[in-house]
Amino acid sequence: MAGDADDPIYYVISDLHIGGDEQLEDVEFLDELLEFLERLEATDENAELIVNGDAFGLWEFTEIEGPAKFDVLIETYPELFERLRKTGESVPITLLPGNHDHELAAHEEYVERFAEYNVHVVQEQSFTRPVGDRTIHFEHGHQRDPNNRIEDWGNPYATPLGYYYNTHVVSRAGHMSERGRYNWLKDVQAVTPTERMPVWLLSKYFYREMNPLLRYALVPFLLLFNISALLAVLAGLDLVGVWSMPAEQTEAFLAQFGAAGAAAWFLLVINVAVAGLLLLVGIPIQLLRRDVRKTIDRFGVFETELTVEPNKPYEAAATEVFEERPETAVFCYGHTHRPTLRELEGRLLVNTGTWLKRLHRRDGIIGLLPPVFYPSYQLCAVRIAAEPEGVAVEYEEVEKPSPSPEELTLTERLLTLGRAPDPELPDGAVVEDGRETASVSTPETAD
């Protein structure tokens, strides 16, 4: 498979989620997207831009319906649509609907109106493109997710579980975000998987919305909880005569430090007392909770498949495609917001990531402090082309400054000192010509 100048080169992006109610209309990467489109327009390659689903957050519009949302998009982002028009004059732009913009597949008017801006809307769930002697399979990936699978594709009234989550939770966050101490609630759409949302809300309440005096009063107790719980157990053993606790020696040692030592001793005593009470109440409650959960699992009362394993559904789908169409070299999808590249049966499974902010969970090292969700960006375009050695896939990073330090409180920054995420995009890979083999190197990235 020798690539030549006439072979098409594909640039693939996905999951931009542009648009939504009120605060959700803010696109933090708009400048970078405009620059990317401008650079693509200037290329001398035989290129095609493929937007692999969820370009627009149509689910997040709750006050208007149908193609009227297009008018709002035009009014809100005139620079973007003008840039799409100009880029599309020299580089074909193909837009595949995802679950958040499924309406694009439900109304012919969208096809006609996007065509005015040189954007071709494919009203299917997947399509293929040739690459040398092989092909690429493109799909957004929502059909592998039970929460967002749309059984009746193209039906404007199709409403999977994810639709209700976005219209009732994400859109509501867009209305309410500005009321916070910092405009953070709109980032709910960056919380993946959605099962993390309760923990994320608890984290943001504690670090952002809680009265600072109350938070600073709680931090020492929560930091020392593990130590206090251990001391409470030792104190209990002391009471029953199993072990003698050196309380007097500890108090005498701290007394050497004057008022600071006395305050530390007082805090430690209070912590131990509270931790002891929590242990007395918490242990039986935890045992009861585990027993109830086992009973519920046994009867399958709440078996709703809310949690989607991030890789296995796509590995199974790709395996099926590779078996049905052996000429397929790459299975390319989005949806999960996790840039991923891996070898599968000699071919490549590629996830195009997201242009939204990514939130990386950092649990506390000690104590019971809520986890910190550290923000970062991983803007990228996946380049797929026929090269002399085979089908080559590589990630091209679109540089963007790190999120503002104001997004994290001082407490969050201190607790993540030295643990800030530094996510890397996957390395490139090649499906070699004439053999079903792939050489893949993918760095592990923590969330």
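Derivation of every value follows stated rules applied to the coordinates shown; laboratory data play no part. Worth saying up front: this structure is predicted, and the values here are computed from it rather than measured. Every residue, glycine among them, receives a Cβ derived from its backbone with ideal geometry; neighbour counts consider all protein chains shown.
Decide, for segment 124-170, between rounded, prolate and oblate: order the square roots of the alpha carbon gyration tensor eigenvalues as a ≥ b ≥ c, take rounded if a/c falls under 1.5, and otherwise choose prolate if a/b is larger than b/c, else oblate.
prolate
Karplus couplings for segment 387-395 from phi (6.51 cos²θ - 1.76 cosθ + 1.60, θ = phi - 60°), rounded to Hz, Gly and Pro as x?
So the J values, rounded to whole Hz, are 10, x, 8, x, 8, 9, 10, 8, 9.
I'd like the FRET efficiency for Leu287 and Asp7, computed as 1/(1 + (r/R0)^6) with the beta carbon distance as r and R0 of 60 Å, rounded to 0.05.
According to the calculation, E is roughly 0.40.
Which distance in nm do the two modelled labels at Leu218 and Lys86 give, with both placed 7 Å along the Cα-to-Cβ direction?
Reported label-point gap for Leu218 and Lys86 is 5.0 nm.
If I stretch the segment between Arg172 and Glu112 completely, what's the gain in nm (0.36 nm per residue apart, minus their alpha carbon distance), one decimal?
Values: separation 60, 0.36 × 60 = 21.60 nm, distance 3.07 nm.
Fully extending the segment from Arg172 to Glu112 adds 18.5 nm.
For segment 24-166, what is the Kirkwood estimate of the hydrodynamic radius, computed as the reciprocal of the mean inverse distance between distinct Cα atoms, to one decimal in Å? Kindly include the intermediate steps, with their values, before the conclusion.
Details: mean 1/r = 0.0623 Å⁻¹.
Averaging 1/r across every pair of different Cα atoms and inverting gives 16.0 Å.
Distance check, please: which entries in Lys357/Lys400; Lys69/Lys357; Lys86/Lys357 exceed 18 angstrom between their Cα atoms? Display every interim value, and only then the final one.
On the way: Lys357/Lys400 11 Å; Lys69/Lys357 24 Å; Lys86/Lys357 27 Å.
Too far apart for the 18 Å limit: Lys69/Lys357; Lys86/Lys357.
Tell me, in nm to one decimal, what length is gained between Thr62 and Glu324 on full extension, where the rule is 0.36 nm per residue of separation less the Cα-Cα distance? Intermediate values should be presented prior to the final figure.
Values: separation 262, 0.36 × 262 = 94.32 nm, distance 4.01 nm.
Answer, rounded to one decimal: 90.3 nm.
Answer rounded, prolate or oblate for segment 48-132, using the Cα gyration tensor with square roots of eigenvalues a ≥ b ≥ c: rounded when a/c is under 1.5, else prolate when a/b is larger than b/c, else oblate. Don't skip to the answer; put the middle values down first.
Details: a/c = 2.08, a/b = 1.28, b/c = 1.63.
Verdict is oblate for segment 48-132.
If r is the Cβ-Cβ distance from Asp422 to Tyr205 and R0 is 22 Å, what FRET efficiency results, to the nearest 0.05?
Details: r = 27 Å, r/R0 = 1.24.
It comes out at approximately 0.20.
Using the beta-carbon distance between Val72 and Glu432 and R0 = 60 Å, what value does 1/(1 + (r/R0)^6) give for FRET efficiency, to the nearest 0.05? List each step's numbers first, then the result.
On the way: r = 47 Å, r/R0 = 0.79.
With R0 = 60 Å, the Cβ-Cβ based efficiency is 0.80.
Is the shape of segment 6-56 rounded, prolate or oblate, going by the alpha carbon gyration tensor and its root eigenvalues a ≥ b ≥ c, with a/c under 1.5 for rounded and a/b larger than b/c for prolate? Each step should come with its number before you reach the end.
Working: a/c = 4.94, a/b = 2.02, b/c = 2.44.
Oblate, since a/c reaches 1.5 and b/c is not below a/b.
Please identify the GluC sites (Glu not before Pro) of segment 99-165 that satisfy two criteria: DSSP loop assignment and at most 15 other Cβ atoms within 10 Å. Which are they?
On the way: sites: Glu103, Glu108, Glu109, Glu112, Glu116, Glu124, Glu139, Glu151; in loops: Glu116, Glu124, Glu151.
Those satisfying the criteria are Glu116, Glu124, Glu151.
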